[in-house]
Amino acid sequence: MRLILAGALALAFGVCGSVVAQTPPTGSDIPATFHQAAAQFDFEVRRVDIPMRDGVKLHTVIVVPKGAHGYPILLDRTPYDAEKGIKTGTPHLVDAVRSTYDIAVQHGYIFVFQDVRGKYGSEGDYVMNRPLIGPLNTTNVDHTTDTWDTIDWLVKNVPESNGRVGMIGTSYDGFTVLMGLIHPHPALKAAVPINPMVDTWKGDDWFHNGAFRQEMMDYVYGQEATRKSDQDWFTPAYDDYENFLRAGSAGALGQTMGMEQLGFWRHLEAHPAYDAFWQGQAVDKLLAAQPLTVPTLYVGGLWDQEDIYGAVAAYEATKPKDVHNDMNFLVLGPWYHGQANGDGSKLGPLVWDGDTGYWFRLNVLQPFLDEHLKDGPKANIAPVTAYETGTRTWRRYQSWPLSCETGCPSKPQKLYLQSGGKLAFASPASSGGGFDDYVSDPAKPVPYRIRPIRPTYAQGSTWRYWLEDDQREFATRPDVLVYETDVLTAPVQISGQPIANILASTTGTDGDFVVKLIDVYPDEVPDHAEMGGYQLAVSMDILRGRYRKDPTHPSPIPAGKVEGYRFALPTTNHVFLPGHRIMVQIQSSWFPLYDRNPQTYVDNIFFARPEDYRKATVKVFHAPEEASFVELPVVETK
């Protein structure tokens with residue numbers, strides 16, 4: 001039997017070997033083009049390269065539900081790969097679209113994603129935040145013309161559409177939405193810019209009041225090194241604090257990373273002040289000069305770690321043109337950057353009452369889209385919908401900041417720094433040189449979060465949550481001043497922008513001022529023990545001292561002279577509850593989020609030399625004749 005079996009196996013292997021040996025090779029196992037068997041899919045994906053007026057073709061992904069007829073189009077123009085707009089590993093559109101569209105997909109919409117020129121599948125040259133045609137753009141194309149040409153092609157070549165287009169996008173995609181509002185195509189009937197880049201020198205991605213946000217260097221590197229953003233930023237140390245400190249200046253780090261090859265990096269280095277380059281790209285100013293013709297829903301995040309300035313600035317710039325209060329809308333949610341598109345049930349250590357992101361998409365976003373794109377019922381949404389943090393409640397307002405029409409007008413109240421680390425609404429009582437001081441040492445800058453600090457987009461990074469970090473760690477440093485109210489016996493509601501007014505002197509000839517407005521929780525929080533004593537930043541920002549008088553023309557700080565530093569902090573809608581305290585922290589570095597100020601005046605801090613970085617003694621004054629305070633937009637309840 002063994003012999004018979006062995007013979008059979010030998011024969012079998014021999015035959016198989018003969019077959020394999022006699023089969024000629026047929027080339028690659030991978031077909032030149034694979035056609036997905038899409039009969040089970042309830043949607044169709046069309047890929048088109050749409051020609052622009054200059055002949056450049058932009059790669060566009062069109063997603064059409066099967067059986068669609070008379071559906072409006074939602075357009076997202078992006079530098080982040082249009083192919084990622086849809087997942088094709090599922091036959092069901094409801095599972096294939098991003099959570100941004102989880103409600104829209106049930107209401108009958110066509111979704112379109114397009115690569116902006118020069119990125120991924122689109123032809124042409126990529127320019128970061130390409131300016132309008134004019135002094136900063138000598139070509140005959142910009143995002144407004146590309147948007148017009150795209151919409152014109154779509155309404156003529158997508159037969160399932162009803163001829164109406166809405167634009168929607170977040171961050172850079174929110175910027176392209178706003179650019180589409182300048183000389184808009186007649187078919188553009190609604191716009192939803194979410195956390196848009198608006199003024200990147202004043203308060204969005206690249207600078208804040210002149211201080212360079214060097215933690216965004218890896219973004220610039222990734223966006224511009226290659227067309228497909230496939231060149232990864234690298235760092236020698238795990239902790240970004242060490243990486244930036246060892247490098248010295250931002251310019252020196254850029255040079256070691258080869259960033260001089262990148263066009264936008266060269267612009268950043270060449271334009272540290274708020275000159276014509278930045279003013280000409282400030283989208284809120286551009287929109288203010290245009291007629292208001294497209295209903296627009298601006299969406300901002302109260303803890304947006306990247307573009308906290310833009311949505312409110314653009315809304316306020318265009319609001320005066322909304323004479324009937326029915327074209328301009330604003331939403332402020334308790335979100336990090338882009339969180340309106342996903343799960344908004346919590347933010348770092350903060351837990352809200354329900355999923356605020358889903359609530360927004362269901363109750364505000366979708367009614368807005370349906371009204372303007374589908375002849376749906378008039379949306380029952382307020383001109384302003386804002387989440388009130390502290391009480392964890394959505395509020396409806398007629399305008400922003402709060403005005404008398406709401407019945408609860410906002411009135412600025414000065415919260416004064418006092419001796420002994422006190423903070424109070426009464427002006428300081430003592431006189432005669434009241435001040436506190438600290439030594440600001442560029443060799444030991446104050447970190448913006450607890451170390452180690454991972455690079456922005458590195459694995460394990462918690463970049464999106466840094467604005468909610470507990471500030472207790474920094475309150476104990478000798479180079480951070482801390483002022484605190486007594487325990488509150490009544491709620492204090494603020495709605496709008498706090499304004500820092502700091503009177504200070506420095507032994508240096510330049511310097512930065514960081515002001516943090518903080519909600520200090522009670523020592524014990526029964527339902528959330530981990531929040532006991534938590535120091536939650538409600539609003540905080542930075543001013544580069546050389547721009548204290550004029551953002552366009554920097555000037556040295558006179559050493560030893562008391563100077564005023566006045567600047568707005570980000571918008572907030574918060575209630576400091578009874579039992580809590582209000583705190584203000586002041587410091588002169590916020591590293592490595594912002595580049596170090598050498599504290600000696602140099603022409604361009606990007607190119608500061610090691611010997612330029614020097615210690616400085618900073619005095620912050622709180623005497624009656626030299627009072628420092630934070631002006632709070634306090635809501636006076638009836």
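The values are calculated or read from the model by the stated rules, or taken from the named source; none is laboratory data. Being a predicted model, the structure only gives us computed values, none of them experimental. Positions of Cβ are generated from backbone atoms using ideal geometry, with glycine treated the same way; all protein chains shown enter the neighbour counts.
Of the conditions (1) among the hydroxyl-bearing types (Ser, Thr, Tyr); (2) assigned to a loop (DSSP other than H, G, I, E, B); (3) under 18 Å from the mean Cα position of the chain (by Cα), Thr176 fails just one. Which one is it?
The failed condition is (2).
Hand me the list of strands (runs of 3 or more DSSP E) wholly inside segment 307-425 holding 2 or more residues that are closer than 28 Å to Tyr101 by Cβ and in the same structural domain as Val620 (by TED's automatic domain parsing).
Numbers: elements: 328-333, 384-388, 393-397, 410-417.
No strands (runs of 3 or more DSSP E) qualify here.
A quick yes/no check of all residues on (1) touching an Asp or Glu at 6+ places or on another chain (Cβ under 6 Å); (2) aromatic (Phe, Trp, Tyr):
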{"residue": "Pro455", "(1), (2)": "yes, no"}
{"residue": "Ala458", "(1), (2)": "no, no"}
{"residue": "Thr462", "(1), (2)": "no, no"}
{"residue": "Asp469", "(1), (2)": "no, no"}
{"residue": "Asp479", "(1), (2)": "no, no"}
{"residue": "Gly496", "(1), (2)": "no, no"}
{"residue": "Tyr521", "(1), (2)": "no, yes"}
{"residue": "Ala529", "(1), (2)": "no, no"}
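Determine whether Pro428 is at negative phi and part of a loop (DSSP other than H, G, I, E, B). If you could, list the steps in order and put the result at the bottom.
Working: at negative phi: yes; part of a loop (DSSP other than H, G, I, E, B): yes.
Spelling it out, Pro428 is indeed at negative phi and part of a loop (DSSP other than H, G, I, E, B).
Pick from Asp125, Asp199, Asp152, Asp115: which is of a type in the set (Asp, Glu), touching a residue at least 12 places away in the same chain (Cβ under 8 Å) and surrounded by fewer than 24 Cβ atoms within 10 Å (Cβ to Cβ)?
On the way: Asp125 fails: touching a residue at least 12 places away in the same chain (Cβ under 8 Å); Asp199 fails: surrounded by fewer than 24 Cβ atoms within 10 Å (Cβ to Cβ); Asp115 fails: surrounded by fewer than 24 Cβ atoms within 10 Å (Cβ to Cβ).
So the residue among Asp125, Asp199, Asp152, Asp115 that is of a type in the set (Asp, Glu), touching a residue at least 12 places away in the same chain (Cβ under 8 Å) and surrounded by fewer than 24 Cβ atoms within 10 Å (Cβ to Cβ) is Asp152.
Only strands (runs of 3 or more DSSP E) wholly contained in segment 488-554 count here; list those with 1 or more residues that are farther than 26 Å from Val635 by Cβ. Before you say what the answer is, go through the steps one by one.
Numbers: elements: 492-496, 499-506, 512-520, 535-544.
In segment 488-554, the matching strands (runs of 3 or more DSSP E) lie at 499-506, 512-520, 535-544.
Within segment 317-324, can one find any residue that is of a type in the set (Val, Ile, Thr), surrounded by fewer than 22 Cβ atoms within 10 Å (Cβ to Cβ) and modelled with pLDDT under 95?
For segment 317-324, residues of a type in the set (Val, Ile, Thr), surrounded by fewer than 22 Cβ atoms within 10 Å (Cβ to Cβ) and modelled with pLDDT under 95: present.
Can we say Leu262 is free of Cβ contacts under 8 Å to residues at least 60 places away in the same chain and closer than 21 Å to Met197 by Cβ?
yes
Check Ile73, Ile133 and return the single one that is modelled with pLDDT of 95 or more and buried (at least 19 other Cβ atoms within 10 Å of the Cβ).
Result: Ile73 is the single residue among Ile73, Ile133 that is modelled with pLDDT of 95 or more and buried (at least 19 other Cβ atoms within 10 Å of the Cβ).
Report yes if Ala314 is surrounded by 15 or more Cβ atoms within 10 Å (Cβ to Cβ) and without any contact (Cβ under 8 Å) to a residue 12 or more places away in the chain, otherwise no. So that I can check it myself, show each step before the final result.
Values: surrounded by 15 or more Cβ atoms within 10 Å (Cβ to Cβ): yes; without any contact (Cβ under 8 Å) to a residue 12 or more places away in the chain: no.
Judged against the criteria, Ala314 is not a match.
Applying the selection to segment 436-476, what residues are in contact with a strand residue (DSSP E or B) (Cβ under 8 Å, 6 or more places away or on another chain) and either under 27 Å from Ala623 (Cα atoms) or polar (S, T, N, Q) (or both)?
Asp436, Asp437, Tyr438, Val439, Ser440, Val446, Gln471, Arg472, Phe474, Ala475
Keeping to segment 281-302, report how many residues are part of a loop (DSSP other than H, G, I, E, B) and either over 13 Å from Asn328 (Cβ atoms) or not hydrophobic (A, V, I, L, M, F, W, C) (or both).
Step one: filter segment 281-302 for residues part of a loop (DSSP other than H, G, I, E, B), giving 281-282, 289-295, 302.
Add one more test, that the residue is either over 13 Å from Asn328 (Cβ atoms) or not hydrophobic (A, V, I, L, M, F, W, C) (or both), and what stays is 281-282, 289-291, 293, 295, 302.
Looking only at that region, the number is 8.
Would you tally the residues in segment 211-248 being hydroxyl-bearing (Ser, Thr, Tyr) and in contact with a Lys or Arg (Cβ under 8 Å, 6 or more places away or on another chain)?
First, the residues of segment 211-248 that are hydroxyl-bearing (Ser, Thr, Tyr): 219, 221, 226, 229, 235, 238, 241.
Those still in the list that are in contact with a Lys or Arg (Cβ under 8 Å, 6 or more places away or on another chain) too: 229, 238, 241.
Adding up the residues that qualify gives 3.
Let me confirm something: among Tyr547, Tyr601, Tyr613, Tyr534, which residue is farther than 22 Å from Gln493 by Cβ, surrounded by 14 or more Cβ atoms within 10 Å (Cβ to Cβ), in contact with a helix residue (DSSP H, G or I) (Cβ under 8 Å, 6 or more places away or on another chain) and assigned by TED's automatic domain parsing to the domain that holds Val446?
Exactly one of Tyr547, Tyr601, Tyr613, Tyr534 is farther than 22 Å from Gln493 by Cβ, surrounded by 14 or more Cβ atoms within 10 Å (Cβ to Cβ), in contact with a helix residue (DSSP H, G or I) (Cβ under 8 Å, 6 or more places away or on another chain) and assigned by TED's automatic domain parsing to the domain that holds Val446, namely Tyr601.
Evaluate segment 618-630: report whether one residue or more is within 19 Å of Leu253 (Cβ to Cβ) and assigned by TED's automatic domain parsing to the domain that holds Ser440. Spell out the reasoning first.
Let us first name the residues in segment 618-630 that are within 19 Å of Leu253 (Cβ to Cβ), namely none.
Among the residues of segment 618-630, not one is within 19 Å of Leu253 (Cβ to Cβ) and assigned by TED's automatic domain parsing to the domain that holds Ser440, which makes the answer no.
Kindly provide the set of residues from segment 435-476 that are closer than 25 Å to Arg614 by Cβ, part of a loop (DSSP other than H, G, I, E, B), in contact (Cβ under 8 Å) with a residue 60 or more places away in the chain and more than 18 Å from the chain's Cα centre (by Cα), ordered by number. Let's see the steps before the verdict.
The initial filter retains those residues of segment 435-476 that are closer than 25 Å to Arg614 by Cβ, namely 435-448, 451, 453, 474, 476.
Next, only the ones that are part of a loop (DSSP other than H, G, I, E, B) stay: 441-446, 448, 451, 453, 476.
Narrowing further to those that are in contact (Cβ under 8 Å) with a residue 60 or more places away in the chain: 441-443, 445-446, 448, 451, 453.
Once the filter is applied, which keeps residues that are closer than 25 Å to Arg614 by Cβ, part of a loop (DSSP other than H, G, I, E, B), in contact (Cβ under 8 Å) with a residue 60 or more places away in the chain and more than 18 Å from the chain's Cα centre (by Cα), segment 435-476 yields Asp441, Pro442, Ala443, Pro445, Val446, Arg451, Ile453.
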